[in-house]
Each structure stands twice: as structure tokens, then as C-alpha cells.
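**Student:** Here it is, the structure in full.
The values are calculated or read from the model by the stated rules, or taken from the named source; none is laboratory data. Predicted, not measured: the structure shown is a model, and the values here were computed from it. Neighbour counts run over all protein chains shown; Cβ positions are idealised from the backbone, glycine included. Just so you know, the surface numbers come from the protein's heavy atoms only, side chains and all, with ligands and any DNA or RNA stripped out. Shrake-Rupley method; radii C 1.70, N 1.55, O 1.52, S 1.80 Å.
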Amino acid sequence: MTSSEALVRVEGLRKLFPLNAGFLRAPTSFIHAVDGLDFAIAPGESLGLVGESGSGKTTTGKLLVRLLDITAGHVFMQFDGQVLDVARLQRSDSKTFRRKVQMIFQDPYESLNPRRTIFDTIAEPLQVQNIGNVLDQQERVAELLNLVGLSPPSTYLFRFPHELSGGQRQRVAIARALVINPAFVIADEPTSMLDVSIRTSIMQLMQNLGTQLGVTYLYITHDLAVARYMSTRLAVMYLGKIVEMGATEEVLQRPQHPYTKALLSAVPVPDPRWTRTPVEIKGGISKPIDPVPRCRFYDRCPLAAKVCEDNDHPPLEDKGSEHYVACYRV
Amino acid sequence: MSETILRVENLTMHYTTRAGIVSAVDDVSFTLDEGESLGLVGESGCGKTSVANSLLKLLADNAVIKGGQIRFKGTDFVPLSEEEMRPYRWRNISMVFQAAMNSLNPVYRVGDQIIEALETHLGLYSHAQARQRVTELFTMVGLDPALMDQYPHEYSGGMRQRAVIAMALSCNPDLVIADEPTTALDVIVQDALLRQLKTLQEMIGMSMIYISHDIAVIAEVSDRIGVMYAGKLVELASADEIFHHPVHPYTVALMSAFPSVTGPKRELQTLAGEPPNLLYPPSGCRFHPRCPFATEICRQQEPEFKDHGGGHYAACWHPQEVTV
Ligand SMILES: Nc1ncnc2c1ncn2[C@@H]1O[C@H](COP(=O)(O)OP(=O)(O)OP(=O)(O)O)[C@@H](O)[C@H]1O
Ligand SMILES: Nc1ncnc2c1ncn2[C@@H]1O[C@H](COP(=O)(O)OP(=O)(O)OP(=O)(O)O)[C@@H](O)[C@H]1O
Ligand code: SF4
Ligand code: SF4
Ligand SMILES: [Mg+2]
Ligand SMILES: [Mg+2]
């Protein structure tokens, strides 16, 4: 993919959150939530984003939909041949942006408005964009409820979020994001509360939209089996950095970065007779606060050596066939 | 033999809605021993959270317990008033809500919320001791204690989940009910946390009810597993039995649908047919519209939930004999 073909192009993206800032008091330190990301997603592609809890996945998603201001770097998106600089959108481009880009939020207990019925929640993007009359909207909402397995739709349309189970809320959030046929969807753990069977049909639905309507995804998940199914390429994050990126099967079958290896060895196995060999990284708590200039994984890495301490965080380098790894010892 | 601390008998709970009655928990019975962990699995919307909330009687306004008993150390919770229930919550039984990420109060610092729980329920902490205890709890769940003075919105999803787990463990309860507690955690943190919970169980004899849609996680934490379908408990047995000799056709389907991360990439399977709508649960066995083994009797009569040998309970007219 040349950079002009990409639907999304992220360059040097950073987000720092000030810590201990007060009234008239400058912050004394910063959380480096997202610390210099570079990646691109081709039209119709699905990039999986996995990584440790607190590594900056949701923050990345929110920067891409402009829910947070970018500290540094650029996000470009291209729709119908027109390139948008997301941090500096013209007013006239705002509406296009909102129509084309949707985010499914991580927490369905927080993201659905408790005072809106399911119908109003899902129809809202249609109403905002003035698409169809009320009847068209009802038909479209019912169609989506069926697709996400909430049927018959009539029994769900006028419920409120608190009258739904966790997984049912997640499916409402998915329906809402897909209702206006967006071109780019950032899905943040969209199926984390769904059982395998329903999750599979939702993943199939999202994939069909990908192939039929060319929807592009940034798919955030901690479930590697889901990532395997949903994404063509996979990026692994650790403390604000991408530490490994490549074709999904390649990364899962031949992980190179010590963190990715540990992650794969920790995947639970559905068999009570199975006893796992303990994960090969040191315990410990990762701190994204004012990181010292060395490899971010140094404290926990089983391979850590002097070179990793004496140098700044290693660059993300192509180790052959577009399999990128950020590690001095690979 | 360890003592039975919880005995649930014929528990039935409904939600009343404009469209009719949602039969979310129907005639559910199980027991839980001291130090035991029971996993609860089942499709989205089958009633797992409803069972959990009923146990502590933390119910939605439109929920009614229609019948049954919830005996905790001999006391039946069902007839108790709000006032009478309160002393049991947190101290004896604590809960990690499915809405964990959203159950912290946004206007207070996370550490202070745990300190408040400690002071309200145990009441014997000095401020310094309480902070010390929070530091311990944070470390236990893999959170940097330096984050104790931050607000919930400054936490990631997984960090909030861990804070809520820390809060649930704060008063050393006899029983922890954890409803999808690791949905936002990476597998390494999840693994560490599950180990920690296991250790606590062994150390202080804590019992646990662990709800998850992820059968691999359930396999790791549970001594026994209950499988729910459409408001019913359809199978209950040791973890090993459920995984290797499931009897109920729904459990059999559940066990064979699990995708793998490193093995050959298979086509993913879904369960044929529609998930049931609990406003109109199917007649007879609630699984019959989707069951490949259904016969006339399944459509007519509800199968009894009974012991198929060695404490392996199931509700099915045509129990399967499979080895997985
Ligand atoms: N509004 C905020 N203010 C301060 N810090 C924040 C804020 N939002 C996120 N952070 C911090 O930024 C880091 C990254 O958070 P983010 O939510 O992006 O993680 P994540 O990868 O999505 O994690 P999870 O898998 O647990 O959801 C965390 O250390 C978090 O505490
Ligand atoms: N307050 C309520 N009013 C009406 N119906 C409700 C209410 N709360 C839950 N329900 C319904 O009751 C059924 C059981 O819900 P419950 O939350 O117990 O499911 P669950 O098994 O926990 O599902 P999930 O895995 O998706 O969280 C669902 O069909 C849901 O729609
Ligand atoms: S650079 Fe060094 S410390 Fe970092 S991951 Fe590689 S071996 Fe480990
Ligand atoms: S009772 Fe009949 S329909 Fe129900 S699970 Fe057993 S065989 Fe299937
Ligand atoms: Mg997140
Ligand atoms: Mg639930």
C-alpha cells in the first residue's frame, strides 16, 4: 500500500495527559498514553489492535474520532478521493467526517444514553444526517436489530438500555455504529461480553459489510481469537508504543517481540485438565508516567540486556515481509 | 468436607415490562460450598446477571422474585427487607458488577472510594492504615498504587475493572460474585488476576461465583460449572465433566464452538436458530427450537433438572453421551 492509497494514515501520533495539574499549577508529570504511533490502514482492510490494558488502545481510537485532542502528530483520512486532516477539519468537512467515521465504545454501560429508547439510540445518526423519513428509519433500525440477533425487533425498540443485558447493550452499540453505512469503524472491544455463537454471527456481519460495502476497521480487542478472525493485519501495543505489527497469521504463528510471545502464552485454554506453563515475563506494574528513555518493556523482559537500557525505546523495524518489530534483540 | 454456604432453591425472577413478563430466572437451584468456585456460563441475555443480582437482592425496579429461596449460611434472603440485607452486602458477599467499568463514582478519587468502603463496612481503619490497605489491594490486582489518587475517567477500561475487583476484595468477603470481571483485561493481566483469586480462595476459604461468556476462563477458575439457557439452569457438574462429558445438547454445542488462537484456523460455527426471546419462552424444553435431538415430548413437557449420576445435573429428555 502506498501512502496515497491508505484510507487512514497516522503519523507520529502522541497523546500526553498531564498529571497532578491544579488550578494555577503546572503539571509535574505526564502520562504518555500514546507515544508516537505510525500506521496506515488500506480501504476495506481491518487492522487489529491488541495489547496490554492501559497501553493506549482506546486513547488511539478516541484520537482518531476527534474525541480527544492530539498532542502531536497527524491523522489523515481519505474518503472519495478527498483527504481530510483530522485535527484540522474545516467546518464543511465535519459532517462528512461524522457520516463516514463511527466508533463503537468499549463500555456499553457508559456509552448508551440511559434516557433514550433503543430505537432513538440507533436511529440518532440517521436523524442527525437527515437520512430517510421516520418510516424508513424504523425499517432500517429493525433490520439492524435482526442482524445483531435482537429479534423480534418490536420487543426491543422501545426498551431502555437498563432493560437489556450487557451483551444486548453491546449489540445495540454495534447496530448504532453501522446504521449509516460508515466507511471507517473503530470498534473498541465490541464483542467482549458476547458468547461465542452470537459473537461469531456479529463478526460475520461486520466482515460481510467489509467485503460488500468496503467498510474499513480498526478493531481493538484483547481476545486474540477474535483478532485472528477479524483482522488482516495486527498491531501489538505496549505502554503507548506499537511493539510489533504484521500480517495477523504471521504475528500469531511467529511472534517475535518478547511481549507478544508472553501474550500468546497467556491465552487461556478451554480445558480444566490443562495446566499452563507460567508466563515468561516478570510480574510488575507498568507505568506510563514519565517513562525513562529506554525500552518500555525493559523491567519485565526476560531478554533485557544492557543495550536495551542504554538506548531509547527501539524503533519499529521491518524484519522481513512487512513484519515490524521494535526490539534490539530480535 | 467443607460446609455449604449458599443454597439456592427454585429461584424464579421476572421483569415486568409494557410488552409483558420477561422470565429471566426460572426455577434455578444450586449450592455452593465454602472455598468453592462456581462458574456460570450461557448465551448473552440468558439470565446470568439476573441470577447474580437476585442473590444479593440488588434488583431493578421492575424485577420481582416470584419464588424460591436463597439461603446464605442458613438465612433465607428472599423475605428480608432492604435494611436487613444491608449488613450482608460487601462484608459477607461482595459483587463485581458487569457494569464494573462504569460503577465507580466519577467525582471521587478511586482510592478514596475504596477507603470509604473500608470505613463504612469495617470501620476500624485509621486513614494511614486504610491507604496502606488500598496500596496492598492495588498491587494485588496489578494496578500501580501511584494511581490511587486519580479519578475514574483517567483510568483505562481494564484499570477500572481492576479497581472494582480491588474494592470487592477489600473487606475479605466470604463470597465474591464476579460478573464478567475480565472483559477489558489483556490475557496476561487476566491470568495474573485469576491466579490471585485462586490464591485468595485457598488462603481465606473465599467462595466465588464467576460469570463469563468465555468458557476458557471459566475452565481455569471453576471447580463446578453451571450452564444457563433462556433463564434456566440446564446443566451443573464438575468442570471436568462439563468439558469432557457434557450431557445437555446446548452444552455440547457450546463446547464445540470455541475458536483457537494458534491451532488451524477453522470456520467459526454459530448455533443454528434464533436466540430465544424471554418474553415468549418456548414451550416444554426451552432449547427445543434449536435442538437437533428434539422430539415431541421436548416440545410438550419441561424436562426435570435431575442428577444423572455423581452430582452431574441436567435437564434434558435425551441426555447425550459424548466424550470431548
Ligand atoms: N482522560 C484521561 N486522563 C488521564 N489519563 C488518562 C485519560 N484517559 C486515559 N488515560 C491514561 O492513558 C493510558 C491509556 O489508556 P487507554 O484507555 O487508552 O488504554 P487501553 O489500551 O484502552 O486499556 P484497556 O485495555 O484497559 O481499555 C492509561 O494509563 C490511562 O490511565
Ligand atoms: N430491567 C429489565 N427489564 C426488562 N428486561 C430485562 C431487564 N434486565 C434484563 N432484562 C432481560 O432479561 C434477560 C436476562 O438478562 P441478564 O442481564 O440476566 O442476561 P445475561 O445472561 O447476564 O446476559 P449478558 O451475557 O448479555 O450480560 C435478557 O433477555 C434481558 O433483556
Ligand atoms: S529491546 Fe530489550 S528490553 Fe526491549 S523487548 Fe527487546 S530485548 Fe526486551
Ligand atoms: S429436552 Fe429435548 S429439546 Fe431439550 S435439550 Fe434435551 S433433547 Fe433437546
Ligand atoms: Mg480501552
Ligand atoms: Mg450479564
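**Student:** Run through the range A:53-128 and list the trypsin sites (Lys or Arg not before Pro) located in a DSSP loop whose Cβ has at most 12 other Cβ atoms within 10 Å.
**Tutor:** Sparse-neighbourhood loop trypsin sites (Lys or Arg not before Pro): A:Arg115.
**Student:** Given H placed on each backbone N at 1.01 Å, which residues far from A:Leu84 in sequence or on other chains put an amide H within less than 5 Å of it?
**Tutor:** Amide H neighbours of A:Leu84: A:Met77, A:Gln78, A:Phe79.
**Student:** Regarding the range A:29-120, what's the average projected area of the Cα-atom convex hull, expressed in nm²?
**Tutor:** For the range A:29-120, the mean projected area of the Cα convex hull comes to 8.5 nm².
**Student:** Oh, and also: Take each complete run of DSSP H in chain A, measure how far its Cα atoms stretch along the helix's own axis, and keep only those covering 24 Å or more with mean Kyte-Doolittle hydropathy at least -0.5; list them. Present the calculation step by step, with values, prior to reporting the outcome.
**Tutor:** Values: long enough: A:196-213 (25 Å, 0.36).
Length and hydropathy pass: A:196-213.
**Student:** A further question on this structure: Among A:Pro153, A:Phe105, B:Asn92, whose Cα projects farthest towards the positive end of the dipole of the protein assembly as shown, with charges put on the beta-carbon of Lys, Arg (+1) and Asp, Glu (-1)?
**Tutor:** The residue sitting farthest along the positive end of the dipole is A:Phe105.
**Student:** May I pose another question? Using only helices, what value at 222 nm comes out for the protein assembly as shown when you add -39,500 (n - 2.57) per DSSP H run of length 4 or more and divide by the total residues, to the nearest 500 deg cm²/dmol?
**Tutor:** On the way: 21 runs with 199 residues, N = 654.
It comes out at -9000 deg cm²/dmol, rounded to the nearest 500.
**Student:** Let me ask something additional. Whole-Hz Karplus ³J(HN,Hα) for the range A:229-244, in order, using 6.51 cos²θ - 1.76 cosθ + 1.60 and θ = phi - 60°, x for Gly and Pro?
**Tutor:** So the Karplus estimates, Gly and Pro as x, are 6, 8, 10, 7, 10, 9, 10, 10, 9, 9, 6, x, 10, 7, 9, 7 Hz.
**Student:** At most 11 other Cβ atoms within 10 Å and a DSSP loop assignment: could you name the trypsin sites (Lys or Arg not before Pro) in the range A:270-330 that fit?
**Tutor:** Answer in residue order: A:Arg273, A:Lys282.
**Student:** Using only the Cα atoms, work out Rg/Rh for chain B, with Rh taken as the Kirkwood radius, to two decimals. Present the calculation step by step, with values, prior to reporting the outcome.
**Tutor:** Details: Rg = 20.3 Å, Rh = 20.8 Å.
Rounded to two decimals, Rg over Rh is 0.98.
**Student:** Give, rounded to the nearest 20 debye, the magnitude of the charge dipole that the range A:1-159 has about its Cα centre when Lys and Arg contribute +1 at Cβ and Asp and Glu contribute -1 at Cβ.
**Tutor:** On the way: 17 positive and 17 negative charges, 107 e Å.
Result for the range A:1-159 is approximately 520 debye, rounded to the nearest 20.
**Student:** Could you please state how large a percent of the accessible area of chain B is carbon and sulfur, counting protein chains only and using a 1.4 Å probe?
**Tutor:** That fraction is 51 percent.
**Student:** Could you name every residue in the range A:22-55 that has 50 Å² or more less accessible surface in the full protein assembly than in its own chain alone (probe 1.4 Å, ligands and nucleic acids excluded)?
**Tutor:** Correct list: A:Ser53.
**Student:** Give the B-A buried accessible area in Å², both sides summed, 1.4 Å probe, nearest 100.
**Tutor:** Roughly 5300 Å² of accessible surface disappears when B and A pair.
**Student:** Apply the a/c threshold of 1.5 to the C-alpha gyration tensor of the range A:225-330 and tell me whether it is rounded, prolate or oblate.
**Tutor:** Values: a/c = 1.97, a/b = 1.26, b/c = 1.56.
Oblate, because a/c is 1.5 or more while a/b does not exceed b/c.
**Student:** Oh, and also: In this model, which of A:Lys100/A:Lys241; A:Lys261/B:Lys232; B:Lys73/B:Lys198; A:Lys306/B:Lys198; A:Lys57/A:Lys319 are farther than 31 Å apart at the alpha-carbon?
**Tutor:** Beyond 31 Å between Cα atoms: A:Lys261/B:Lys232; A:Lys306/B:Lys198.
**Student:** Related question: Classify the range B:203-302 as rounded, prolate or oblate from the Cα gyration tensor: take a ≥ b ≥ c as the square roots of its eigenvalues, call it rounded if a/c is under 1.5, otherwise prolate when a/b beats b/c and oblate if not.
**Tutor:** Values: a/c = 2.11, a/b = 1.33, b/c = 1.58.
Because a/c hits 1.5 or more and a/b fails to exceed b/c, the range B:203-302 counts as oblate.
**Student:** Threshold 40 Å², probe 1.4 Å: give the residues of the range B:220-250, in number order, that are less accessible with all protein chains present than with their chain alone.
**Tutor:** Residues passing the criterion (a loss of at least 40 Å², heavy atoms only) are B:Glu220, B:Asp240, B:His244.
**Student:** How large, in percent, is the carbon and sulfur part of the accessible surface of chain A at a probe radius of 1.4 Å?
**Tutor:** 50 percent
**Student:** Here's a follow-up. Give the separation of the Cα centroids, the range A:122-198 to the range A:256-280, in Å.
**Tutor:** With the range A:122-198 and the range A:256-280 each reduced to a Cα centre, they are spaced 35 Å.
**Student:** Find, among the trypsin sites (Lys or Arg not before Pro) in the range B:1-95, those assigned to loop by DSSP (not H, G, I, E, B) with at most 13 other beta-carbon atoms within 10 angstrom.
**Tutor:** Listed in order of number, the matching sites are B:Arg18.
**Student:** Are there any helices in chain B, counted as whole DSSP H runs, that stretch 24 Å or more along their axis by Cα and score at least -1.0 on average by Kyte-Doolittle, and if so which?
**Tutor:** Membrane-span-like by this rule: B:187-204.
**Student:** Is the shape of the range B:134-192 rounded, prolate or oblate, going by the alpha carbon gyration tensor and its root eigenvalues a ≥ b ≥ c, with a/c under 1.5 for rounded and a/b larger than b/c for prolate?
**Tutor:** In terms of gyration-tensor shape, oblate.
**Student:** With a probe of 1.4 Å, find how much accessible area the range B:74-125 has per residue, and write the answer as a whole number in Å².
**Tutor:** In whole numbers, the range B:74-125 has 51 Å² accessible per residue.
**Student:** Considering only B:Gly42, B:Gly273, B:Gly226, give the residue with the highest GNM mean-square fluctuation for chain B, with springs between Cα atoms whenever their separation is below 10 Å.
**Tutor:** Highest fluctuation of the listed residues: B:Gly273.
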